[in-house]
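These notes concern the structure reproduced below.
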Amino acid sequence: MPPYKKPLPAPYTHLSTNELHDLLMKCAVHLYKMEQSPSTRDKNCRIPMGYRAVCSAIQDEFLLETGITVSLSHNTLHRWVEGKRTRAELLEQQQWLMHAEEKAIVAMCIEMARIGFPWSYSQLKEHVDLICIMKYGGDNPICEFPEEGVGVNWTHHFLKRHEVALKTACSAPLEMKHGRAVNPEANARYWELLKKTIIDFNIKPHNIYGSDKCGVIEHGTEREVVIAGRGTKGPIYQQRSGSRDNTTVIVTICADGTYIQPTIIFKGKAFRVKWVPLYDTQEDDQVDNPRIGYQEKGWTNGEIGAAWLADFDKQTVYKLEEGEYRLLLVD
């Protein structure tokens, strides 16, 4: 390739296939015009490259540098050199939203997923319909916007166009109160307080316990396909409210890897024998010997909490040495 070639665009690893094609085609246009300029021909004293040769040169150079093959059409290059509209420009003219508007929607999808309210397919369509109604409505509309909205396949094509930035995944339900408690300021303050407490009281790892409850809620735990940023790692949490009917499991583990017997709180007004698991009484397996309790909604309350704390003290006091403290972390 001649030394006066236009540098390949970077970064190209975060571009979609169509965006990468268009950027390389711009490089081809630049190279072709340089080849056809009189100054270049006089300087090199050779026959300038044509459309096919320019496309091949750009393809080979990009493949050599990245290992990625992108096909460039000499017919498309001819149209671009002649100043005709690109494929992206033609598609944008046929779409309800302009490119900048779609970029704003992509940013909103990523932000909503970040704060725990990711949009589903239907929610994305609903918001886009509202934007289009405001854009194309009024006394002098640009065009008539259909009553059914952008169409049932619009969201699918939208996600395909922005597959580099967005992805879909099954949501993981997150109870509303838990979601609202998660923020950078509270998180930073928590770790500062934890570090100070451990240092001030000289708490050893074998005396540090973490306890949490896991609720099996009858309603509000359904999963659905939602939209999030492509770089999002881990589960995509979706805040929602569930019913108060619940079975609660309280588990407690120690920093040294040990654990105590779990506690299960069933929903009920009286104790039921069927709640007691069948196990071999000769086996000393703490997981298979849970503490059993009940409450009208299957939830924890002050009475159950006090009983659990007394049981925690009974199961962990043997590790204490004179002058030592225990640290219990709960949500």
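For the stretch 147-164, take each phi angle, set θ = phi - 60°, evaluate the Karplus expression 6.51 cos²θ - 1.76 cosθ + 1.60, and give the result in whole Hz per residue in order, putting x for glycine and proline.
5, 6, x, 6, x, 5, 9, 4, 4, 4, 5, 4, 5, 5, 5, 10, 5, 6
Using θ = phi - 60° and the Karplus relation 6.51 cos²θ - 1.76 cosθ + 1.60, list the HN-Hα couplings for the stretch 250-262 in order, rounded to whole Hz, with x at every Gly or Pro.
With the stated coefficients, the stretch 250-262 comes to 10, 10, 9, 10, 10, 5, 8, x, 8, 8, 10, 5, x Hz.
So which of Lys267/Lys314; Lys125/Lys267; Lys26/Lys233; Lys167/Lys195; Lys84/Lys160; Lys195/Lys267 end up more than 32 Å apart, counting from Cα to Cα?
The pairs that break the limit, which is 32 Å between Cα atoms, are Lys125/Lys267; Lys26/Lys233; Lys167/Lys195; Lys195/Lys267.
Starting at the first residue of the stretch 191-207, write each ³J(HN,Hα) from the Karplus equation 6.51 cos²θ - 1.76 cosθ + 1.60 with θ = phi - 60°, in whole Hz, x for Gly and Pro.
5, 5, 5, 5, 4, 5, 5, 5, 6, 4, 9, 6, 7, 7, x, 6, 10
At a Förster distance of 22 Å, what's the computed FRET efficiency of Thr17 paired with Lys84, Cβ-Cβ distance as r, to 0.05?
The calculated FRET efficiency here is 0.55.
So for the stretch 96-164, Kirkwood radius off the Cα pairs, Stokes-Einstein at 20 °C and 1.002 mPa s: how many µm² s⁻¹?
The Stokes-Einstein estimate is 167 µm²/s.
Throughout, read-outs are computed from the coordinates displayed, never taken from laboratory work. Just so it is clear, the model here is predicted, and its values are computed rather than measured. Neighbour counts run over all protein chains shown; Cβ positions are idealised from the backbone, glycine included.
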